[in-house]
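A short write-up of the structure that comes next.
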Amino acid sequence: MIASALSPGQATRRPQAGHVILLMGEPEDLEARVIGRHKQSRADTIRDMQAKLKDIFDESSATYIDTFGLSIAAVLKRVARVLLLAPYSPVDLGACLLDIKNNFQKLKK
């Protein structure tokens, strides 16, 4: 899981609280961007990942930035605006990961 990847072996690192910024967009548009970077991620996979992230982080616990039709510079400008000008709203990422793990384990039973 993510938590074990953050703290492999004997490491004692833990996820820290932080302001979550989700870059969202039209899956077809994002698929084209990914292909342009010589990577693979289909629109349906992107759509599914975005839906899962929306379930985990609603708009009260994350800042959503719609990237549709924006250049990289425009996206960076919007992210900078959030980082520098928006209120800081940290989320307990460790608790979020634990909730995901517990819900996943319940589904497996």
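The values are calculated or read from the model by the stated rules, or taken from the named source; none is laboratory data. In this text, all values refer to a predicted model and were calculated from it rather than measured experimentally. No Cβ is skipped: glycine too gets one built from the backbone with ideal geometry, and neighbour counts run over all protein chains shown.
A few notes on this one:
- Only listed residue being among the acidic types (Asp, Glu) and touching a residue at least 60 places away in the same chain (Cβ under 8 Å), chosen from 48, 92, 58, 44: 92
- Pairs where the first residue, in segment 18-31, is in contact (Cβ under 8 Å) with a residue 60 or more places away in the chain and the second is in a strand (DSSP E or B) and of a type in the set (Gly, Ala, Ser), C-beta under 6 Å, 6+ apart: 20/62
- Selection within segment 69-89 - surrounded by 11 or more Cβ atoms within 10 Å (Cβ to Cβ) and modelled with pLDDT under 90: 89
- Any hit, segment 31-47, residues being in a strand (DSSP E or B) and not hydroxyl-bearing (Ser, Thr, Tyr): no
- Checking 73, 51 one by one, the residue that is among the small types (Gly, Ala, Ser), over 18 Å from the mean Cα position of the chain (by Cα) and not in a loop (DSSP other than H, G, I, E, B) is 73 and no other.
- Only one of 44, 99 that is closer than 24 Å to residue 29 by Cβ and of a type outside the set (Lys, Arg): 44
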